[in-house]
Amino acid sequence: MQGIKDKQLLKNFSYINGSWHKNETNFDVTNPATGELVVSVSNAGVAETELAVKAARSALKMWSEKSSNERASLLRHWFNLMMENQDDLGRILTLEQGKPLAEAKGEIGYGASFIEWFAEEGKRVYGDVIPAPSNDKNIIVIKQPVGVVASITPWNFPNAMIARKAAAALAAGCTFIVRPSEYTPLSALAMAELAERAGIPAGVFNVVVGTDAKGMGKILTQHPDIAKFTFTGSTAVGKTLIQQCATTVKKVSMELGGNAPFIVFNDADIDAAVKGGIASKYRNAGQTCVCTNRVFVQQGVLKEFTEKFALAVNALTVGNGLTEGIDIGPIISEKAVNDVEKLVSDSIAAGATVHIGGAKHSAGINYYQPTILTNVTNDMPIAANEIFGPVSPIIAFDTEEDVIEMANDTEYGLAAYFYTRDIGTIWRVAEGLEFGMVGINEGIISNAAAPFGGVKQSGNGREGSKYGLDDYLEIKYLCMGGLNK
Ligand code: SIN
């Protein structure tokens, strides 16, 4: 199948309790670059999701009682297998998601880095001893795994968004169930194949793939045997899932939508800002939650930045991600392309100007031209909504105060970026921006060692980093009395 060396990585059944589950019906996974069938996948639903919960619940005691070193060595093995199979995993990812092959392989390395990171970090789940108010007691704090963790993950990072959650959960001693997007189940199933080869015991990592998003989602958010639910996706869906989790008071963590400002001040290194803007905006065809969504440029460098940025955007190549040298692949679906098209046309109607692009791309129905809009204001649809496409709206600004106010004028608070060489500006702006992550003279900020997450309606909890384990651990207070010290 299209250059994949290890055919066993291409699975089409759900992976529950260490076995592959066949269902009566199938659904098709198609390549967004061509519309062609990649593979037909067995369509799991509510019954299989319940089976996965049962399996994860049964495996919990065994897994949580393993030493942190035992869990670390299994996770390390999983990491090694992902890296050894990076080419095949990247190719599977491009086939189902569309991003260019080099970027897909990069995602495999990125996803694997979370497994490596948490394999180590799981050894450092420290407790505490707190001075007690009287001498007959000791106060001791221990940390324990929360229990069974359920997750729903998106199509834009079919590997890394699973790895970032599963690695932390497994390292903490939790068992895990994921329902990946039905657009991109193959990367998740390939991860399950490698987890099995790595020796991760049955029931610890389960993948249920199916089209009944509502039914499966209800089980994963409401089943009493699930202790924690974690989601990456849109704010609208996240709100519904949080409500569903409330029925059993689950611990929740949410990585939701963004509307990232990218601010270029008059004193910025313009070439560096152009490079950072291209990386931040056009990565994954603009389909990331941390993507630049609004480009604010101070009046003094508006002309220079726009010209240089336009040259760089013009140089981006668009096409099938499997073709060598492609920078931008397709958007995930025709509907998603139409959504981008509507945001652009509504903004043009409101006064925006097309500087470059501004239309569907001739490469096929799922492609959109890398686009720059100028004369944009912060209230236009292209600035007020998450674009999820390769479009940069440029908004001019005068002062630092104005731009901070405009940047914060959104319900979202995931990532923000700004470019300046002034140390005072750096601190004032970094502190003034109401976002969970801020790139300062840097357009790519995600890595396993850093806490990924948002404020406001962009979600709660942090993934990656030493903080990423906290969401999978409970704090237990032990009061040891009768001590006659
Ligand atoms: C996302 O778009 O949700 C994830 C992006 C990243 O991890 O950098």
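Could you rank 353, 232 by how accessible they are, 1.4 Å probe, largest area first? Intermediate results must be reported in sequence, preceding the final value.
Values: 353 55, 232 5 Å².
Putting 353, 232 in descending order of accessible area: 353, 232.
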Requested in this report: On a 0 to 90° scale, report how tilted helix 302-314 is relative to the longest principal axis of the chain, with both axes built from alpha carbons and the result rounded to the nearest 10.
Outcome: 70 degrees
Requested in this report: Could you check the simple spin-label distance between residue 421 and residue 136, using points 7 Å along Cα→Cβ, in nm with one decimal?
Outcome: 6.9 nm
**Report entry** Bridge type composition, the chain - antiparallel percent by DSSP, nearest 5
**Finding:** 40 percent
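Net charge around residue 33, counting only other residues with Cβ within less than 12 Å of its Cβ (Lys, Arg = +1; Asp, Glu = -1)? Kindly include the intermediate steps, with their values, before the conclusion.
On the way: positive: 99; negative: 36, 96.
My count for the surroundings of residue 33 gives -1.
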**Report entry** Extension reserve of the residue 58-residue 317 stretch, reckoned as 0.36 nm per residue once the Cα distance is removed
**Finding:** 88.3 nm
Query raised in the report: Using the Karplus equation 6.51 cos²θ - 1.76 cosθ + 1.60 (θ = phi - 60°), what ³J(HN,Hα) coupling, rounded to whole Hz, does each residue of the stretch 419-426 give in order, writing x for Gly and Pro?
Result: 10, 7, 10, 9, 5, x, 4, 3
Query raised in the report: Angle between the Cα long axis of helix 68-84 and the longest principal axis of the chain, 0 to 90 degrees, nearest 10?
Result: 40 degrees
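Quick one: work out the % antiparallel among DSSP beta bridges in the stretch 260-448, nearest 5. Don't skip to the answer; put the middle values down first.
Values: 4 of 24 bridges.
So the antiparallel bridges in the stretch 260-448 amount to around 15 percent.
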Report task. Would you list, by chain and number, the lysines whose Cα falls below 19 Å from the Cα of residue 308, excluding same-chain residues fewer than 8 positions away? Result -> 275, 281
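Given 0.36 nm per residue, what is the gain on full extension from residue 120 to residue 483 after removing their alpha carbon distance, in nm?
127.1 nm is the gain from fully extending residue 120 to residue 483.
Mind pulling the per residue volume of the convex hull built on the Cα atoms of the chain? Å³ is fine.
Convex hull of Cα atoms, per residue: 150 Å³.
Ignoring ligands, DNA and RNA, how do 155, 427, 63 rank by accessible area with a 1.4 Å probe, largest first?
Numbers: 155 50, 427 155, 63 0 Å².
Descending accessible area places them as 427, 155, 63.
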Requested in this report: Give me the percent of the accessible area of the chain that comes from carbon and sulfur atoms, probe 1.4 Å, all protein chains in place.
Outcome: 52 percent
Query raised in the report: Using alpha carbon centroids, what distance separates the stretch 390-449 and the stretch 250-327, in Å?
Result: 12 Å
Query - Separation between Cα centres of the stretch 208-242 and the stretch 2-21, rounded to whole Å - result: 24 Å
Requested in this report: Taking the chain as the reference, fit the longest principal axis to its C-alpha atoms, fit the long axis of helix 185-198 to the helix C-alpha atoms, and give the angle between the two in degrees, 0 to 90, nearest 10.
Outcome: 40 degrees
Query raised in the report: With contacts defined as alpha carbon pairs under 8 Å and 6 or more residues apart, what's the relative contact order of the chain in percent?
Result: 18 percent
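For the chain, what does -39500 (n - 2.57) per DSSP helix run (n ≥ 4), summed and divided by total residues, give at 222 nm, in deg cm²/dmol to the nearest 500? The partial results should precede the final answer.
Working: 14 runs with 183 residues, N = 485.
Calculated mean residue ellipticity at 222 nm is -12000 deg cm²/dmol.
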Query raised in the report: Across the Cα atoms of the stretch 170-276, what radius of gyration and what greatest pairwise Cα-Cα distance (Dmax) are found, in Å?
Result: 18.7, 57
Query raised in the report: Rounded to the nearest 10 Å², what accessible area does residue 84 show when all protein chains are kept and the probe is 1.4 Å?
Result: 140 Å²
Report summary line: Taking Rh as the Kirkwood radius computed over alpha-carbon pairs of the stretch 260-448 and applying Stokes-Einstein at 25 °C with viscosity 0.890 mPa s, one gets a diffusion coefficient in µm² s⁻¹ of 150 µm²/s
Report task. Taking H placed 1.01 Å from N in the peptide plane, check which residues at least 5 places from residue 392 or on another chain put their amide H under 5 Å from its amide H. Result -> 371, 372, 373
Report summary line: Restricting to lysines and to Cα separations under 28 Å from residue 476, and discarding same-chain partners fewer than 8 apart, the set is 54, 61, 66, 123, 137, 143, 165, 228, 250, 251, 466, 485
Report task. Sort 5, 66, 281, 342 by accessible area with a 1.4 Å probe, largest first. Result -> 5, 342, 66, 281
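Accessible area per residue for the chain in Å², computed with a 1.4 Å probe and the full protein assembly in place, what is it?
Numbers: 18790 Å² over 485 residues.
Accessible area per residue: 39 Å².
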Requested in this report: Among DSSP beta bridges lying fully in the stretch 109-182, give the percent that are antiparallel, nearest 5.
Outcome: 35 percent
**Report entry** Simple spin-label estimate for residue 40 and residue 377 in nanometres, 7 Å along Cα-Cβ
**Finding:** 5.4 nm
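The values are calculated or read from the model by the stated rules, or taken from the named source; none is laboratory data. It should be emphasised that the depicted structure is a prediction, and the values quoted were computed from it without experimental measurement. Here the Cβ is made from the backbone with ideal geometry for all residues, glycine too, and neighbour counts use every protein chain on show. Note: accessible area is taken over every heavy atom of the protein model, side chains too, but ligands, DNA and RNA are not part of it. Shrake-Rupley method; radii C 1.70, N 1.55, O 1.52, S 1.80 Å.
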